[in-house]
Amino acid sequence: MPIRRVEVYTVELPYKKPFTISMGTSYSSTDVVVKLIDDEGNVGWGEASPSRRVTGESEDTILSAMNVLAPQLINEDPLNVEEIERKLAGAILGNTSAKLALEMAVFDLKGKILGVRVRDLLGGYRDRVETDFTIGIMSPEEMASDALKYVEMGFRILKLKVGLDVEEDIARVKAVRDAVGKDIRIRIDANQGWTVKQAKKALSSMERYDVELAEQPVKWYDYEGMAELTRVSPIPIMADESVHSARDALLVAKMRAADYINIKLTKAGGLLEARRIAAISEAAGIPNMIGCMMEGGISITAAVHFATATRNLVTTDLDSDISLKEDFVEGGAKCEKGFRILPEGPGLGNLRVKEGMLKLRGVFEEGKVSTPL
């Protein structure tokens, strides 16, 4: 049962089209994938999706962190996830994506050893969740055209990226609402792009288009600005980049700096910390969303397990794998008419990693690193 080997890979994930938010445009991701193997040959998979702008990580920083973190798992019992989390936390500060990948793989391995799903290890509540689809910043006409396409695919909730220019942002929301009609739910995400003054103007103007929530309208560190908007905005406010940890969630709760909190496993650094964020949010009467970075099928599947295990998660933003030209995973949490459906099978479920798409970067075993990162 002890973990005997950790393999570290990278995978290139080009997008179907450029993805623009207020902080810049992305064309692809380079994710780090880990594979754990125990002494009986059981395998656990995990994935790290770096974000320089949100977690301060890159492919290179994650690989460097793995030199410190991966050896911590050798000879550890995968049933002791909290002990492993403690060791990872004490080995190096930050590096939440790297820690997530390893903890995720431990949960996958634990579920396979016990013959149960990760959802059931975390609690268990439902078997599917409805996700939105996120549309990046483009012209109002392009966003409206894309919105119609995704509605035709079965999505009933759309998240629109905004935050570059208030007047243009209002025009974007209007164009999408006019195109999709009144029955489609619309939410917006400014990714810290506005000032408080700009946010007040934008949200006041967008109310008429039945926007259900506004995600991270101002800078992550402006908790007072978030609290002011939460008090006066006609549209509910969601904290995203402002909340990485349970401690951040507690601060937001104390200040009433948001009506919702967006949990992302990458920000939290693991499913256990994400669960703590959800617990604090629930105790404070703040509902949660679960969101994603530009992740592939392993991370999305892990997030679906978390979402289906957590009652306080009332809405979902798990769509990044759909935007990839090719995922490196087959199976996993499939998407049908906007619903992410929990896969069958123990651990993360019946997903298959296309190992031919992966590039081996390091192998860690007791007493040696056969391929230094």
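Test LYS159 against the criterion of being under 19 Å from PHE339 (Cα atoms) and touching a residue at least 60 places away in the same chain (Cβ under 8 Å), and give yes or no.
yes
Can you go through PHE306, PHE339, PHE328 and tell me which one is among the aromatic types (Phe, Trp, Tyr) and open to solvent by 10 Å² or more (accessible area, probe 1.4 Å)?
None of the others qualify; the one that does is PHE339.
Please determine whether any residue of region 122-134 is out of contact with any Cys (no Cβ under 8 Å at 6 or more places or on another chain), among the charged types (D, E, K, R) and closer than 30 Å to ILE3 by Cα.
yes
Show the residue pairs meeting these rules: Cβ distance below 7 Å; 6+ apart or different chains; first residue within region 50-66 and closer than 25 Å to GLN216 by Cβ and without any contact (Cβ under 8 Å) to a residue 40 or more places away in the chain; second residue open to solvent by 50 Å² or more (accessible area, probe 1.4 Å) and assigned to a loop (DSSP other than H, G, I, E, B).
Every condition considered, the pairs that remain are ARG53/MET23; SER58/ARG52.
Assuming ARG126 fulfils every condition listed in (1) surrounded by 21 or more Cβ atoms within 10 Å (Cβ to Cβ); (2) among the basic types (Lys, Arg); (3) over 30 Å from ARG53 (Cβ atoms) apart from one, which condition is it?
(1)
List the pairs whose first member sits in region 209-232 and is within 18 Å of VAL173 (Cβ to Cβ), whose second member is among the aromatic types (Phe, Trp, Tyr) and open to solvent by 30 Å² or more (accessible area, probe 1.4 Å), and whose Cβ atoms are under 7 Å apart, counting only residues at least 6 apart or on separate chains?
Between residues of region 209-232 that are within 18 Å of VAL173 (Cβ to Cβ) and residues that are among the aromatic types (Phe, Trp, Tyr) and open to solvent by 30 Å² or more (accessible area, probe 1.4 Å), the close pairs are LEU213/TYR260.
Taking ASN75, is it polar (S, T, N, Q) and at negative phi?
In short, no.
Which is part of a helix (DSSP H, G or I) and hydroxyl-bearing (Ser, Thr, Tyr), of SER242, SER281?
None of the other options fit; the residue is SER281.
Name the residue that is most open to solvent (accessible area, probe 1.4 Å), counting only residues in region 48-102 that are more than 21 Å from ALA302 (Cα to Cα) and among the charged types (D, E, K, R).
By that ranking, first place goes to ARG52.
With LYS219, LYS182 as the choices, which residue is more than 26 Å from the chain's Cα centre (by Cα), open to solvent by 80 Å² or more (accessible area, probe 1.4 Å) and not hydrophobic (A, V, I, L, M, F, W, C)?
Within the list LYS219, LYS182, the selection yields LYS182.
What are the residues in region 344-366 that are outside any strand (DSSP E or B), within 23 Å of VAL11 (Cα to Cα) and not acidic (Asp, Glu), if any?
Correct list: LEU348, GLY349, ASN350, LEU351, LYS354, GLY356, MET357, LEU358.
Any residue that is in contact with a Ser or Thr (Cβ under 8 Å, 6 or more places away or on another chain), among the hydrophobic types (A, V, I, L, M, F, W, C) and open to solvent by less than 10 Å² (accessible area, probe 1.4 Å) - is there at least one of those in region 353-360?
Looking through region 353-360, none of the residues is in contact with a Ser or Thr (Cβ under 8 Å, 6 or more places away or on another chain), among the hydrophobic types (A, V, I, L, M, F, W, C) and open to solvent by less than 10 Å² (accessible area, probe 1.4 Å).
Residues to consider are TYR150, TYR209; find the one that is touching a strand residue (DSSP E or B) at 6+ places or on another chain (Cβ under 8 Å), open to solvent by less than 50 Å² (accessible area, probe 1.4 Å) and farther than 27 Å from ALA257 by Cα.
Just one listed residue meets the conditions, TYR150.
The values are calculated or read from the model by the stated rules, or taken from the named source; none is laboratory data. Bear in mind that the values here come from a model prediction, so they are computed numbers and not experimental data. Please note: Cβ atoms are built from the backbone with ideal geometry, for glycine as well, and neighbour counts cover all protein chains shown. Protein only, heavy atoms only, side chains kept; ligands, DNA and RNA dropped before computing areas. Shrake-Rupley method; radii C 1.70, N 1.55, O 1.52, S 1.80 Å.
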